[in-house]
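Enquirer: First, the structure itself, so that you have it in front of you.
The values are calculated or read from the model by the stated rules, or taken from the named source; none is laboratory data. Not measured: the values here are computed from a predicted model. Using ideal geometry, Cβ is built from the backbone for each residue, glycine included, and neighbour counts are taken over all protein chains shown.
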Amino acid sequence: MTDDGSSNGLARTAIEVSNLYGFLAAVFREEVSDHFLAQLRSPQLRETLADAGIALDEHLLRGAEEEVLRDLAVEFAALFLGPGEHISPHESVHLPKGGFLWGAETVVVRKFVNALGFNYADNFKGLPDHISVELEVMAELARREGAAWEKGDTDEAANSLAYQHQFVTEHLAKWVPAFCAKVTKVAGLPFYRDMVRLTAEFLESEQSDIERRLDIARVA
Amino acid sequence: MLNRRNFLKLGAAATTTVAGGACLNVQAAKDLPEWGNKGFSPTTGKQRQAIPSACWQCVTRCANMGYVEDGRLVKIESNVNSIRTEGVMCAKGQGAVNHTYDPDRILYPMKRVGERGSGQWERISWDDALDMIAARMKKNRDAGTPEKVVYHYGRAKASHSKTIGGFFKAYGTGSIGNHTALCEGGKWTAQELTWGGHYDNWDFDNTKFVINFGSNVLETHTNHIPTAHRLLWAMAEKGVEMVTFDVRLSNTAAKSNEWVPVKPGTDAAVIAAMINVVMSEGLYKGDGEEFLKYTRVTEDVNADVPTKIAAIKAGVKDYTPKWAEKISGVPADKITALARRFATTKPSVLVSYRGLVAHYNGNEGERLAQLLCAVTGQMDKPGTRMKAVGAGWKWPKIPAAKKIKKLDIFDGFPGQVAYPTHHVAEMVLPMIKDGRNGRPDMYVMYCWTPTYANGNVAEAIEILKDEKLIPFVVSVDPFYGDSTMFADLILPDTPFTERWTAEDMVDPAQIGEFYIRQPFTKPLGEARDFSDVVFDLAKRLGVDMGEAKSHEDYVRLACENTPGVKEAGGFEYMKKHGVWHDKNATPQQQVYNRPVAESVYKAKGVVLDAASGVYWKPASEADAKKGYVATKGAYKKYVAQKMPHGVFSGFAPDKVNKSGYLELWSPLLKAKGFNPFPTWMEIPEHQKMGPDDLVLTTFKHATQTHSRTMNCKYLAEVYHNNPAWINPVTAKARGIYDGDRIKVTSAVGEMVTKARVTEAIIPGVVAISHHCGHWAYGRYASGRRAPSTDEERGDRDFKLKWWTENGVHPNWVIPNAPDPINGQQAWMDTVVQVTRV
């Protein structure tokens, strides 16, 4: 547990959860940008990453920016884009009965996103069940949860949490741990190995915390 | 594993990095839609209209959600906001989607034109149909014989019971029959005789051990999903263990940690022996002793606990585990071990149903179960069997006629049943045939199929067909069926998917859930809900139905008048959400030990009845003199119970004049010649069995209700045939092999079916399920199309029906045999002979 169960505490938790989902969505969405690298190198983020057990390597922290960005971009392509053998960051590829892009689960994810009233951004060219889409869904739901706790609207908090619970259970939890395990095995640079460890462990911890927050919201 | 707090610090630090997602435009959604119960068409992706309502497939009546697309009901799910079901629904509930478009629905009032039962009909108008009924009702009212108008229902609950039953009472007839004795009436009466309320709840949410005597709780309980899903949750998530006694390896027994095979009708002996173990080993000490303060086990209502313990020890001294082993076949060591386990695992819950109570000795079986719970203190507190809690609607009043007359045909033959508090449904037709207490002039069947639901089917058909015995039969039924075929007039009822009701079934959360049923779609054809039709009949007859103008209006008034529901938003709230419960309520428990203030039991008009220790408010001096137990309806005047250690709310009576103790020494039973203390009773037929005789027992399957679901095509596809279960040892002795045709013969008839040779049933027994063997109900159920229905009515699936066998109906060989104390039909006692054909 990371808060005292009060509305303020729950609001803070939800907002932090939202931000972390957003951070991870950015990690997997595209290659690390110069802006993102600057953030990673900032003392604040570097220290909190260290507290979370992730010590960014010397090359990433102090290497020449252009070289670091290129190395990370090459790694990103090798891991998530191809060409050739790679680990596709799409849900339908990793499910036991899936194994291909644009599977049945892709449609389910798209319908879920649309049912929430969200749209895919015009400039988004990826497939609807990309890991960053799913992490962004969670980020937005947690953000709305946080806003609801701040307003003292427990029904709305419960509503958002019910969606989080459903989406994690029916989607992320079903494939992301396996995806992360595959990345860990083949990653060349420490950065993505660290990021998938963070992703897997955060998701696992969040699964039970969503239930805790949902119980509080429903009883209130 | 990383520390969660540190993750979240990262979340706090990462704000600037992540502002604005690039994949999604989330601003498009101002508010999130309400979570849950959304349905989408798999082909068009279009969102379906979701209508909260309530199921009516079985008596559990779960809150549900119907999905309507382009005006057509396409799917039924659970209502995720129900605290009873917590969003779980069974196959039966989902299969109900077939009712609305059942190709054998009756869509117009139909009048018989050929001989009764010949299947020749002509369509008539509603006006003509209601004129016919009203004319008969008027004739009987004018003749001073309103009681000859008999209304017999199989299921009418909550607001349906109030409006339809209210109409007939307002007209002046009390000749109202039900079907409870065919179902669970025995359990109810036994509970009324002991702790007052008729229904118990098993608190699986809080229990640590479950011992089950003959309840198929995971498949077919009368509060099925609300209890079953909690039990599964307890078993799967908390490791709660369950031991099930049954003659058959039911799916409940199979899912239990242990199945204890037991001979039919002998569970009561096992329970008696468990009490013997508890008493002889001192396992009653502590919680049991405390609970015995509130329990009556002696004639003396002022007995102290040591005296009560001595009385119980004396009462069960002969019921040793060895004795019970000889009767039940359950090893004595097993009985002893389970008695110890039940008594010392706290809290434990004792579950019981028809395997225990649908026998000649069922009343005593249930009383023994209550005694076992009492001596171990495993009663009416969290984790045990508790008095049930339902929703308490404030119903609009329908004033009854000043004088109500009634045919005395609902409680069995004189002297046949001691306390038929829920009537003796199986004896109604035999009573009509006998005629000594009069016969109906008009017999209105509502959701009632007497030829199929009662025992001795041949006799039931003979009686229902005989115009001399019953001159005019009206059937109110959405579907043509095994009894409706013998009607003179059919009123096309709506299936429940097209009805309004305010509902109230028991809530295992012990809080009480208010919920409504509302139509998913408009009635097809000219079908009308009978609870609306009675308002029209009332107008024709000048009968006052009170404030409501229709059944929808009645439900609206109930929503607007009931505290809690009213403040939540009344009818509009209920139409939108379907369910409501008080979020601030705490689960109800242990009311019996609440002290009662002196100002209450010494109030004006309240007197103490010394014999029972009951404070009550007699209506007259004469009643006070007669005493509490002997005064008719005195239980309605109960105030409190005097006990040696104070005056308490006690286990308040309902239906019978019991004391406020958990009454296990019953002056009521003594007065009728039964042992007042719970007692093992032999089943007379079983005592006379020859070496080749078997006992026929019955059971239900998870995907069917008793009589009303077999024409739901989805459900019929799953279960439509019911070969007789027989043990390999029993089969071999008769030269029977799996799949052989066999003849089952009893005192009332014979039938031919197929054998299913299996070790999942004990030797000496043959088991045949209900549900199957319909002869007129629908093309999926019986293979017969209802007369006067169109060709396929657009039901393209009929071409896909791959099964040709529709099973058999065991009631052809089961006699009507009421428990002598409560009238429960003894479904599990029939002695039969089985031979290979």
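Enquirer: Answer yes or no: is there a residue in the range B:510-521 that is among the charged types (D, E, K, R) and under 15 Å from B:P109 (Cα atoms).
Expert: Checked the range B:510-521: no residue is among the charged types (D, E, K, R) and under 15 Å from B:P109 (Cα atoms).
Enquirer: May I pose another question? Going by the structure shown, is A:S92 more than 11 Å from every other protein chain (Cβ to nearest Cβ) and outside any helix (DSSP H, G or I)?
Expert: Answer is no for this residue.
Enquirer: Kindly provide the set of residues from the range A:1-14 that are buried (at least 21 other Cβ atoms within 10 Å of the Cβ) and facing chain B (nearest Cβ under 8 Å), ordered by number.
Expert: Scanning the range A:1-14 gives a single hit, A:T13.
Enquirer: Given the condition over 24 Å from B:R112 (Cβ atoms), in contact with a strand residue (DSSP E or B) (Cβ under 8 Å, 6 or more places away or on another chain), free of Cβ contacts under 8 Å to residues at least 60 places away in the same chain and assigned to a helix (DSSP H, G or I), answer yes or no: does some residue in the range B:170-184 qualify?
Expert: No, because not a single residue in the range B:170-184 is over 24 Å from B:R112 (Cβ atoms), in contact with a strand residue (DSSP E or B) (Cβ under 8 Å, 6 or more places away or on another chain), free of Cβ contacts under 8 Å to residues at least 60 places away in the same chain and assigned to a helix (DSSP H, G or I).
Enquirer: Still on this structure, I have one more. Could you tell me whether any residue of the range B:314-334 is hydroxyl-bearing (S, T, Y) and either modelled with pLDDT under 95 or over 33 Å from the mean Cα position of the chain (by Cα) (or both)?
Expert: Checked against the condition, which is being hydroxyl-bearing (S, T, Y) and either modelled with pLDDT under 95 or over 33 Å from the mean Cα position of the chain (by Cα) (or both), the range B:314-334 yields at least one hit.
Enquirer: Could you say which residue among B:T709, B:T705, B:T753 is polar (S, T, N, Q), free of Cβ contacts under 8 Å to residues at least 60 places away in the same chain and within 17 Å of B:Y452 (Cβ to Cβ)?
Expert: From the options B:T709, B:T705, B:T753, the qualifying one is B:T753.
Enquirer: Consider A:E85 carefully, then state whether it is more than 16 Å from the chain's Cα centre (by Cα), surrounded by fewer than 20 Cβ atoms within 10 Å (Cβ to Cβ) and away from chain B (no Cβ under 14 Å).
Expert: Considered against the rule, which asks whether it is more than 16 Å from the chain's Cα centre (by Cα), surrounded by fewer than 20 Cβ atoms within 10 Å (Cβ to Cβ) and away from chain B (no Cβ under 14 Å), A:E85 comes out as yes.
Enquirer: Right, something else. Just the residues that are more than 19 Å from B:G481 (Cα to Cα) and either of a type in the set (D, E) or assigned to a loop (DSSP other than H, G, I, E, B) (or both), please, taken from the range B:687-716. Steps first, please.
Expert: Step one: list which residues in the range B:687-716 are more than 19 Å from B:G481 (Cα to Cα), which gives B:687-703.
Passing the criteria: B:K688, B:M689, B:G690, B:P691, B:D692, B:D693, B:K700, B:H701, B:A702, B:T703.
Enquirer: Among B:I742, B:I768, B:I762, which is the only one that is touching a helix residue (DSSP H, G or I) at 6+ places or on another chain (Cβ under 7 Å), in contact (Cβ under 8 Å) with a residue 60 or more places away in the chain and farther than 17 Å from B:P103 by Cα?
Expert: That would be B:I768, the only listed residue that is touching a helix residue (DSSP H, G or I) at 6+ places or on another chain (Cβ under 7 Å), in contact (Cβ under 8 Å) with a residue 60 or more places away in the chain and farther than 17 Å from B:P103 by Cα.
Enquirer: Looking only at the range B:186-242, count every residue that is part of a loop (DSSP other than H, G, I, E, B) and of a type in the set (V, I, T) and tell me the total.
Expert: Qualifying residue count, the range B:186-242: 5.
Enquirer: Can I ask one more? Could you list, in sequence order, all residues of the range B:313-338 that are touching a Ser or Thr at 6+ places or on another chain (Cβ under 9 Å) and surrounded by 14 or more Cβ atoms within 10 Å (Cβ to Cβ)?
Expert: Residues satisfying the conditions are B:K313, B:G315, B:V316, B:T320, B:P321, B:A324, B:I327, B:S328, B:G329, B:V330, B:A332, B:I335.
Enquirer: Here is a follow-up. Being at the interface with another protein chain (Cβ under 10 Å from one of its Cβ atoms), surrounded by 20 or more Cβ atoms within 10 Å (Cβ to Cβ) and among the polar types (S, T, N, Q) is the requirement here; does A:S132 meet it?
Expert: yes
Enquirer: Please state which one of A:V74, A:V32 is β-branched (V, I, T), surrounded by 15 or more Cβ atoms within 10 Å (Cβ to Cβ) and at pLDDT 90 or above.
Expert: Only one candidate passes the filter, namely A:V32.
Enquirer: Working only within the range A:47-67, note down all residues that are assigned to a helix (DSSP H, G or I) and buried (at least 17 other Cβ atoms within 10 Å of the Cβ).
Expert: Within the range A:47-67, the first condition is being assigned to a helix (DSSP H, G or I), and the residues that meet it are A:47-51, A:58-62, A:65-67.
A:T48, A:L49, A:L60, listed by residue number.
Enquirer: What do you reckon, is A:S42 within 11 Å of chain B (Cβ to nearest Cβ), small (G, A, S) and in contact (Cβ under 8 Å) with a residue 24 or more places away in the chain? Steps first, please.
Expert: Working: within 11 Å of chain B (Cβ to nearest Cβ): yes; small (G, A, S): yes; in contact (Cβ under 8 Å) with a residue 24 or more places away in the chain: no.
No: the conditions fail for A:S42.
Enquirer: Does any residue of the range B:719-729 turn out to be assigned to a loop (DSSP other than H, G, I, E, B), small (G, A, S) and modelled with pLDDT of 95 or more? Before the answer, list the steps.
Expert: Keep residues of the range B:719-729 that are assigned to a loop (DSSP other than H, G, I, E, B), which gives B:719-723, B:727.
So of that shortlist, the ones also small (G, A, S) come out as none.
No - not one qualifying residue is present in the range B:719-729.
Enquirer: OK, next. When you go through B:V297, B:V357, B:V349, B:V330 one by one, which is the residue that is β-branched (V, I, T), in contact with a Gly (Cβ under 9 Å, 6 or more places away or on another chain) and more than 30 Å from B:M643 (Cα to Cα)?
Expert: Of the residues listed, the single one that is β-branched (V, I, T), in contact with a Gly (Cβ under 9 Å, 6 or more places away or on another chain) and more than 30 Å from B:M643 (Cα to Cα) is B:V357.
Enquirer: Give me a count of the residues in the range A:143-174 that are within 12 Å of the chain's Cα centre (by Cα) and either at positive phi or at the interface with chain B (Cβ under 9 Å from one of its Cβ atoms) (or both).
Expert: Result for the range A:143-174: 0.
Enquirer: Quick check on my filter: what residues within the range A:101-129 are within 11 Å of another protein chain (Cβ to nearest Cβ) and in contact with an Asp or Glu (Cβ under 6 Å, 6 or more places away or on another chain)? Reasoning before the result, please.
Expert: Applying the first criterion (within 11 Å of another protein chain (Cβ to nearest Cβ)) to the range A:101-129 yields A:104, A:107-108, A:110-129.
Residue satisfying the conditions is A:D129 alone.
Enquirer: Let me ask something else about it. Of the numbered conditions (1) within 14 Å of chain A (Cβ to nearest Cβ); (2) closer than 18 Å to B:K655 by Cα, B:V614 satisfies every one except a single condition; which is it?
Expert: (1)
Enquirer: So for the range B:796-810 (the condition being touching a helix residue (DSSP H, G or I) at 6+ places or on another chain (Cβ under 9 Å), more than 16 Å from B:Y719 (Cβ to Cβ) and assigned to a loop (DSSP other than H, G, I, E, B)), does at least one residue qualify?
Expert: Within the range B:796-810, not a single residue is touching a helix residue (DSSP H, G or I) at 6+ places or on another chain (Cβ under 9 Å), more than 16 Å from B:Y719 (Cβ to Cβ) and assigned to a loop (DSSP other than H, G, I, E, B).
Enquirer: Sticking with this structure for a sec: Quick one: in the range B:335-353, which of the residues that are closer than 16 Å to B:V260 by Cβ and hydrophobic (A, V, I, L, M, F, W, C) is nearest to the chain's Cα centre (by Cα)?
Expert: From the range B:335-353, those closer than 16 Å to B:V260 by Cβ are B:335-342, B:348, B:350-353; that's our starting set.
Filter once more, keeping what is hydrophobic (A, V, I, L, M, F, W, C): B:335, B:337-339, B:342, B:350-351.
Working: B:I335: 29, B:A337: 32, B:L338: 28, B:A339: 29, B:F342: 26, B:L350: 18, B:V351: 15 Å.
Ranking the qualifying residues of the range B:335-353, first place goes to B:V351.
Enquirer: Of a type in the set (K, R) and not in a loop (DSSP other than H, G, I, E, B): which single residue out of B:K433, B:K397, B:K468, B:K402 fits that description?
Expert: Just a single option satisfies the conditions, and that option is B:K433.
Enquirer: In this structure, does B:Y284 turn out to be aromatic (F, W, Y) and closer than 30 Å to B:L696 by Cα?
Expert: Values: aromatic (F, W, Y): yes; closer than 30 Å to B:L696 by Cα: no.
Answer is no for this residue.
Enquirer: If I ask for residues that are crowded, with 18+ Cβ neighbours inside 10 Å and assigned to a loop (DSSP other than H, G, I, E, B), which ones from the range B:299-312 would you list?
Expert: Result: B:V301, B:A303.
Enquirer: Conditions first: (1) crowded, with 19+ Cβ neighbours inside 10 Å; (2) under 30 Å from B:S483 (Cβ atoms); (3) small (G, A, S). B:G749 passes all but one, so which condition is the exception?
Expert: The number of the failed condition is (1).
Enquirer: List pairs: first residue in the range A:74-86 and touching a residue at least 24 places away in the same chain (Cβ under 8 Å) and farther than 12 Å from A:R29 by Cα, second residue β-branched (V, I, T) and in a loop (DSSP other than H, G, I, E, B) anywhere in the structure, Cβ distance under 8 angstrom, at least six positions apart or on different chains.
Expert: Pairs found: A:L79/A:I87.
Enquirer: State all residues of the range B:53-94 that are buried (at least 22 other Cβ atoms within 10 Å of the Cβ) and closer than 15 Å to B:R708 by Cα; if no residue qualifies, say none.
Expert: Once the filter is applied, which keeps residues that are buried (at least 22 other Cβ atoms within 10 Å of the Cβ) and closer than 15 Å to B:R708 by Cα, the range B:53-94 yields B:C55, B:W56, B:Q57, B:C58, B:T60, B:R61, B:K92, B:G93.
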